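The values are calculated or read from the model by the stated rules, or taken from the named source; none is laboratory data. Only a predicted model underlies this, so the values are computations on that prediction, with no experimental measurement involved. Backbone-built Cβ (ideal geometry, glycine too); neighbour counts: all protein chains shown. Keep in mind that these areas ignore ligands, DNA and RNA; they rest on the heavy atoms of the full protein, side chains included. Shrake-Rupley method; radii C 1.70, N 1.55, O 1.52, S 1.80 Å.
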Amino acid sequence: MVKICCIGAGYVGGPTMAVIALKCPSIEVAVVDISVSRINAWNSDELPIYEPGLDEVVKQCRGKNLFFSTNVEKHVSEADIIFVSVNTPTKTRGLGAGKAADLTYWESAARMIADVSKSDKIVVEKSTVPVKTAEAIEKILSHNSKGIKYQILSNPEFLAEGTAIEDLFKPDRVLIGGRDTPGGQKAIHALRDVYAHWVPQDRIICTNLWSAELSKLAANAFLAQRISSVNAMSALCEATGANVTQVSHAVGRDTRIGPKFLNASVGFGGSCFQKDILNLVYICECNGLTEVANYWKQVIKVNDYQKSRFVNRVVSSMFNTVSGKKIAILGFAFKKDTGDTRETPAIDVCKGLLGDKANLSIYDPQVTMDQIQKDLSMNKFDWDHPIHLQPMSPTTVKQVSVAWDAYEAAKDAHGLCILTEWDEFRALDYQKIFNSMQKPAFVFDGRNIVDVKKLREIGFIVYSIGKPLDSWLKDMPAMA
Ligand SMILES: NC(=O)C1=CN([C@@H]2O[C@H](COP(=O)(O)OP(=O)(O)OC[C@H]3O[C@@H](n4cnc5c(N)ncnc54)[C@H](O)[C@@H]3O)[C@@H](O)[C@H]2O)C=CC1
Ligand SMILES: O=C(O)[C@H]1O[C@H](OP(=O)(O)OP(=O)(O)OC[C@H]2O[C@@H](n3ccc(=O)[nH]c3=O)[C@H](O)[C@@H]2O)[C@H](O)[C@@H](O)[C@@H]1O
């Protein structure tokens, strides 16, 4: 029986391995992690991450051919194929700080593999890594090899949170990069055989190592760039009276451009877009490609601009101050159908409003009070380290409370900001909300989900990203 071990039981390792176990009953899959609480959660009825369809997949295989364990060394030493899906955060100190990927967790995983292995292994990069990481890993493994042969493959993951199971069941493509040597090709075939259990052959792309590593960074950069492009247009729409939804629709009907990923928003979030672009920028700079680095940097700058533009709209609309005012925040996760808050635009928006002394009442159907408090008190980039999975002494940001539902959050508020596009926010009784709020009552829709016309009829002053401005806002500058 082929044995697979995955180091890192996170958003990628957990769902990916669960799907491999489901689709390949003849393979034994162990997912290991240094975080005891995470592994305990994977072995319980309450999984550590919320992902539609994940519970069913895990329930079908757990205890049969899918195991979650903290016994990292045992499972690594027994495995034929080892996936490494650990954190690759942005460095916060030293060379490349604020841009380069911190490979501490990767390096320690590689050293541990070298220490405990007693048979030949295929080591698969599942984490998103800088180009040429495979070369560094090869060096670590081969310098400690004790005669054991290692083949390194790059097999980046393209799943998106909220649709992870769907994406894993029907991937647009599976990408496998390996060495162009007989050993490298044999390893590529072995991994291809795993995916071939359910992925059509023509969707499995095989390349060299560096193309696979770079394609992952490139794909995320292209996706983020689309959002920054449409968000840049949203500012221009507000200045000119155009409607960004109509512009996106018209642009996206061009089959060369396509309709997906053109929703204007308060900004993109999530654990990877910013991190991976910063990483790409750093790689460009290291290769002397300043113009290319600056090009990609702009995607992040526009994203930051979009978030601060939103905060400025809120503050300037409300007589240039939110000091002491209750503002309801609907949605804290970085997108709907996930409880993940990593790099969510809600953090920057909330911090911006807190900076102007607002009182925030936050509601998100999937995010806990502890998580919100942690996010609002943590330094930038600190979240991407395993230490933050440990329970910590509670921190409280005064001025922030967490509500049980949207109505409670909105009661007595001066303004309401929609920061995540949860379906339930579309179906709220906005008349009831209006009646319970201070007047004038403001709605700032950072996801373009409300019916602006209907809300204005109720009496709200409405700002919706990239939509023709309310007369209240018309004379105010786009960037106050
Ligand atoms: N979250 C996502 O949707 C996607 C993430 N990725 C990439 O996948 C990688 C992992 O991301 P996530 O799963 O989101 O991160 P995560 O933080 O959810 O999971 C990483 C896990 O690795 C564990 N870990 C770290 N060092 C370890 C070690 N030496 N031994 C054992 N366990 C260790 C941590 O405790 C943590 O549970 C990152 O490189 C990310 O860029 C790629 C595609 C999608
Ligand atoms: O490497 C990764 O981590 C993953 O990053 C993204 O997946 P994810 O971050 O989970 O979610 P997306 O659906 O891409 O959304 C990212 C952010 O962009 C925002 N977004 C998305 C689409 C859009 O049109 N407008 C927009 O503002 C979302 O609200 C969210 O904040 C990519 O879509 C995945 O292919 C990739 O594997």
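Miscellaneous remarks
- Residues 319, 460, sorted by accessible area with the largest first, give 319, 460 [1.4 Å probe; ligands and nucleic acids excluded].
- Relative to the Cα centre, the charge distribution of the chain, modelled as +1 at Lys and Arg Cβ and -1 at Asp and Glu Cβ, gives a dipole magnitude of about 660 debye.
- In a DSSP loop and with at most 16 other Cβ atoms within 10 Å, the trypsin sites (Lys or Arg not before Pro) in segment 268-363 are 357.
- Eligible aspartates and glutamates near residue 301 by straight Cα distance, threshold 13 Å, same-chain separation 8 or greater: none
- Over 29 Å (Cα to Cα) - which of 411/453; 126/398; 132/336 fall in this group: 126/398; 132/336
- The largest accessible area among 414, 75 belongs to the first residue in 414, 75, and the rest follow in falling order (1.4 Å probe, all chains).
- Nearest 10 degrees, 0 to 90: helix 13-23 Cα axis against the chain principal axis: 60
- Helical mean residue ellipticity (222 nm; -39500 (n - 2.57) per DSSP H run of 4+; nearest 500) of the chain: -13000 deg cm²/dmol
- Dimensions of segment 220-474 along the principal axes, based on C-alpha atoms and rounded to the nearest Å, stand at 58, 50, 32, largest first.
- Relative contact order %, segment 220-474, counting alpha carbon pairs below 8 Å whose residues are six or more apart: 22
- In the chain, a dipole from Cβ-located charges (positive for Lys and Arg, negative for Asp and Glu) runs towards its positive end, and of 290, 262, 168 it is 290 whose Cα lies farthest in that direction.
- Over the chain, accessible surface divided per residue gives 44 Å², non-protein components excluded, 1.4 Å probe.
- Computed over Cα pairs, the Kirkwood radius of the chain leads via Stokes-Einstein (1.002 mPa s, 20 °C) to a diffusion coefficient of 90 µm² per second.
- Cα-based helix-to-principal-axis angle, 345-355 vs the chain, degrees rounded to 10: 50
- Take every DSSP beta bridge whose two residues both sit in segment 1-124; close to 5 percent of them are antiparallel.
- Projecting the Cα atoms of 187, 376, 31 onto the dipole axis of the chain, where Lys and Arg carry +1 and Asp and Glu carry -1 at the beta carbon, places 376 farthest toward the positive end.
- Between segment 75-115 and segment 224-261, the alpha-carbon center distance in angstrom: 38
- For segment 123-162, the list of trypsin sites (Lys or Arg not before Pro) that fall in a loop by DSSP and count at most 14 other C-beta atoms within 10 angstrom reads 132, 146, 149.
- Mean separation of Cα contacts under 8 Å (6+ apart) over length of the chain, as relative contact order %: 13
- Expressed to the nearest 5 percent, the antiparallel share of DSSP beta bridges inside the chain is 5 percent.
- In the chain, the longest principal axis of the Cα atoms and the axis of helix 209-240 are about 10 degrees apart.
- The GluC sites (Glu not before Pro) of segment 44-116 meeting both criteria, a DSSP state outside H, G, I, E and B (loop) and at most 12 other C-beta atoms within 10 angstrom of the site's C-beta, are 46.
- Of 189, 249, the order by accessible heavy-atom surface (1.4 Å probe, DNA, RNA and ligands excluded), from most exposed downward, is 249, 189.
- For residue 64, the lysines whose Cα falls under 21 Å of its own Cα, not counting residues fewer than eight places away in the same chain, are 3, 23, 74.
- Between segment 121-171 and segment 20-72, the alpha-carbon center distance in angstrom: 19
- Within the accessible area of the chain, the carbon and sulfur atoms contribute 54%, probe 1.4 Å, all protein chains present.
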